[in-house]
Amino acid sequence: MKKTPQTALIHAPRKAPQFISTVQPPLFRASTIIFDNTDALFNRHWTERYDYSYGTHGTPTTFTLGDNIAQIEGGEFSLLAPSGLSAINLVNSCFLAQGDEVWVADNIYGPNMEHLRNLQTRYGIAVKVYNPIDAETFQPSAKAKLIWLEAAGSVTLEFPDLTGLVKKAKAQSILTALDNTWGAGLAFNAFDFGNEHLNVDISVHALTKYPSGGGDILMGSVVTRDEKLHHQLFRMHALQGISISGDDAAQIQRSLASMQIRYEHQSRSAMTLMHWLKQQPEFIQILHPADEASAGHPYWKEICAIGQSAGLVSVIFKPEYDLKAVRAFCDALTLFKLGFSWGGPVSLVMLYDLKDMRVLAHTHLQQGLLVRFCIGLEHPQDLIQDIENALKQMKTPQNE
Ligand SMILES: Cc1ncc(COP(=O)(O)O)c(C=O)c1O
């Protein structure tokens with residue numbers, strides 16, 4: 001058929017080969033997926049694991065990434081969402097209904113708590129808070145449907161009593177969902193952990209952090225090992241239309257090759273900083289799960305047996321350092337940039353006032369302003385120098 005120039009631009013004569021061997025898998029971008037014929041159209045099964053019928057349900061690019069994430073985490077099935085928070089929300093909206101009870105750790109990722117409080121107000125879902133290092137504070141009623149775990153909590157870095165909490169939840173058939181962003185599937189296996197080889201039901205991961213590694217892409221995943229749970233999540237995922245871009249998936253896929261090396265480097269650097277920070281007189285407390293003095297350290301030791309501990313370390317300034325002083329410290333840092341998130345190449349710093357962030361009284365946390373350092377890929381000695389300089393500047397007369 002002879003084509004007009006406009007049509008020829010769209011239906012080009014040359015078709016790229018579909019199967020050539022490359023280091024990175026080919027990138028598929030798709031909203032529409034073209035069916036070969038009406039048989040293929042009518043025989044599509046969009047609820048099957050690798051069905052190609054529409055972009056929101058997945059492409060080879062997104063399935064490749066999803067399978068990789070499931071494998072890293074020790075799971076079987078995965079779904080990808082546009083951000084870590086949307087992956088969290090997918091779990092909440094899938095499993096919680098009016099009248100249910102949900103349990104969250106007091107140190108849970110803040111927006112998860114806010115989302116649940118919103119559900120509480122609108123749908124009468126009771127939000128109950130437990131202390132992650134004391135499984136006795138988890139006292140579910142018969143209405144409890146879901147418990148959120150986070151190991152370690154991403155600001156105060158307590159490592160929870162995962163064994164105690166998961167055993168208790170399982171005894172009452174309560175779903176266990178772990179925010180696995182800190183461990184990233186590398187510090188421990190969420191589907192086979194501890195001496196008793198326990199597992200959570202659902203692992204949520206903000207791929208925005210270590211899998212992306214660039215500080216430039218948002219994505220989240222929900223991994224399970226249970227096909228029935230996966231199908232429930234899969235249907236909700238499809239109903240909500242929360243799909244991701246093929247380009248973003250390909251970028252994260254490309255970064256996975258270096259993830260373990262980056263994670264281990266950042267974990268080692270954070271430990272180096274933690275030991276140095278402990279010697280500095282300005283701080284009243286250093287928070288890091290590998291430190292014996294940190295809350296939940298024995299649980300970390302049992303579960304993260306290979307000794308990994310991500311790239312986060314927090315400090316609490318002595319109470320004499322007021323907001324003005326601590327802001328001056330943060331502003332004086334040059335390598336550490338002021339910003340949310342972690343897992344990227346650039347070290348980040350964030351300032352928190354715990355007074356507004358906790359429901360329960362925590363005797364293990366000292367009074368004072370908290371600063372969290374997220375260690376990037378810089379040399380740890382340069383980062384120490386940066387903090388040392390900023391501490392000196394904080395004390396200059398114009399800041400006092
Ligand atoms: C522990 C944890 N979970 C989930 C998220 C949410 O990830 P995202 O920023 O991709 O929404 C974050 C983000 O900071 C986080 O720290």
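Just order 354-367, 115-128 by mean Cβ neighbour count inside 10 Å, highest at the front, would you?
Highest to lowest by the protection proxy: 115-128, 354-367.
Write down the percent of antiparallel bridges among all DSSP beta bridges whose residues are both part of the chain, to the nearest 5.
For the chain, the DSSP antiparallel bridge percentage is about 60.
Could you work out the relative contact order of segment 67-218, using alpha carbon pairs under 8 angstrom and six or more residues apart, expressed as a whole percent?
Numbers: 263 pairs, mean separation 36.1, N = 152.
Over segment 67-218, the number comes to 24 percent.
Stretched out fully, how many nm does the piece from ILE284 to GLN381 gain, at 0.36 nm a residue minus the Cα gap?
Length gained, ILE284 through GLN381: 32.7 nm.
Set the bar at 32 Å for Cα to Cα. Now go through LYS170/LYS337; LYS278/LYS355; LYS301/LYS392; LYS168/LYS209; LYS170/LYS301; LYS228/LYS337 and name every pair that lies beyond it.
Check vs 32 Å cut-off fails for LYS170/LYS337; LYS301/LYS392; LYS228/LYS337.
Keeping all protein chains in place, calculate the accessible area per residue for the chain (probe 1.4 angstrom), answer in Å². Walk me through the numbers on the way to the answer.
Values: 19110 Å² over 400 residues.
I get 48 Å² per residue for this part.
Scanning the chain for helices, which whole DSSP H stretches are 18 Å or more long along the axis (Cα) and average -0.5 or more by Kyte-Doolittle?
Counting only whole DSSP H runs, the qualifying helices are 60-73.
Whenever you get a sec, compute what percent of the accessible area on the chain sits on carbon and sulfur atoms (1.4 Å probe).
Whole-percent figure for carbon plus sulfur exposure: 52.
Give me the percent relative contact order of the chain, please, defined on Cα pairs under 8 angstrom at least 6 residues apart.
Once normalised by length, the contact order is 16 percent.
Which order do the peptides 322-333, 97-108, 45-56 take when ranked by the mean count of other beta-carbon atoms within 10 Å per residue, highest first?
Output ranking for 322-333, 97-108, 45-56: 97-108, 322-333, 45-56.
The values are calculated or read from the model by the stated rules, or taken from the named source; none is laboratory data. None of the values given here were measured: they were computed from a predicted structure. Note: ideal-geometry Cβ built from the backbone for every residue, glycine included; neighbour counts use all protein chains shown. Side chains are part of the model used for accessible areas, which takes the heavy atoms of the whole protein and leaves out ligands, DNA and RNA. Shrake-Rupley method; radii C 1.70, N 1.55, O 1.52, S 1.80 Å.
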